[in-house]
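Below is one structure, written out as structure tokens; the observations come after it.
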Amino acid sequence: MPPAAERAFRQCVDEAARQIGATGGTSLRLTGEVQHRMQGGAWESRLPLEGTWPNDTHATPAECSATDTAVQKLDFLPEPANP
């Protein structure tokens, strides 16, 4: 990850963790490589995440747009289908 993207990435992960926690989640884990690009003054990232709740753990991938100081958009994506 480019050093310039690190603060925006942290903004995204912190907000994702907050939202997972608000639904009763107990942890959030990065499961792969983050895809990112600069777009219109913000970093857009695709985050391969896994969320854990008291009785369940499953993929919770997300797309996020953030600057160094704030998340502009965070969307959790549908869990990938198993072939």
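Suppose we filter SER27, SER65 for residues that are among the hydroxyl-bearing types (Ser, Thr, Tyr) and surrounded by 13 or more Cβ atoms within 10 Å (Cβ to Cβ); which single one remains?
SER65
Taking the residues in the stretch 39-52 that are in contact with a strand residue (DSSP E or B) (Cβ under 9 Å, 6 or more places away or on another chain) and in contact (Cβ under 8 Å) with a residue 24 or more places away in the chain as candidates, determine which candidate is farthest from GLN11 (Cα to Cα).
For the stretch 39-52, the residue satisfying everything is THR52.
Looking at the stretch 53-82 only, could you name the residues that are without any contact (Cβ under 8 Å) to a residue 12 or more places away in the chain and charged (D, E, K, R)?
Hits for the stretch 53-82 are ASP56, LYS73.
Just to confirm my filter: which strands (runs of 3 or more DSSP E) fall fully inside the stretch 1-70 and include at least 1 residues that are over 9 Å from the mean Cα position of the chain (by Cα) and among the charged types (D, E, K, R)?
Of the strands (runs of 3 or more DSSP E) lying wholly inside the stretch 1-70, those with at least 1 residues that are over 9 Å from the mean Cα position of the chain (by Cα) and among the charged types (D, E, K, R) span 27-30, 35-39, 42-47, 49-53, 56-59.
Regarding the stretch 8-15, can at least one residue be identified that is in contact with a helix residue (DSSP H, G or I) (Cβ under 6 Å, 6 or more places away or on another chain), of a type outside the set (Ser, Thr, Tyr), in contact (Cβ under 8 Å) with a residue 24 or more places away in the chain and surrounded by 13 or more Cβ atoms within 10 Å (Cβ to Cβ)?
Taking every residue of the stretch 8-15 in turn, none turns out to be in contact with a helix residue (DSSP H, G or I) (Cβ under 6 Å, 6 or more places away or on another chain), of a type outside the set (Ser, Thr, Tyr), in contact (Cβ under 8 Å) with a residue 24 or more places away in the chain and surrounded by 13 or more Cβ atoms within 10 Å (Cβ to Cβ).
Any idea which residue in the stretch 41-60 is most open to solvent (accessible area, probe 1.4 Å), counting only those that are under 14 Å from THR26 (Cβ atoms) and out of contact with any helix residue (DSSP H, G or I) (no Cβ under 9 Å at 6 or more places or on another chain)?
The extreme case among them is ASN55.
The values are calculated or read from the model by the stated rules, or taken from the named source; none is laboratory data. Everything quoted here is computed from the prediction, not taken from an experiment. With ideal geometry, Cβ positions are generated from the backbone for all residues, glycine too; neighbour counts draw on all protein chains shown. We work out accessible area using only protein heavy atoms, side chains counted, and drop any ligands, DNA or RNA first. Shrake-Rupley method; radii C 1.70, N 1.55, O 1.52, S 1.80 Å.
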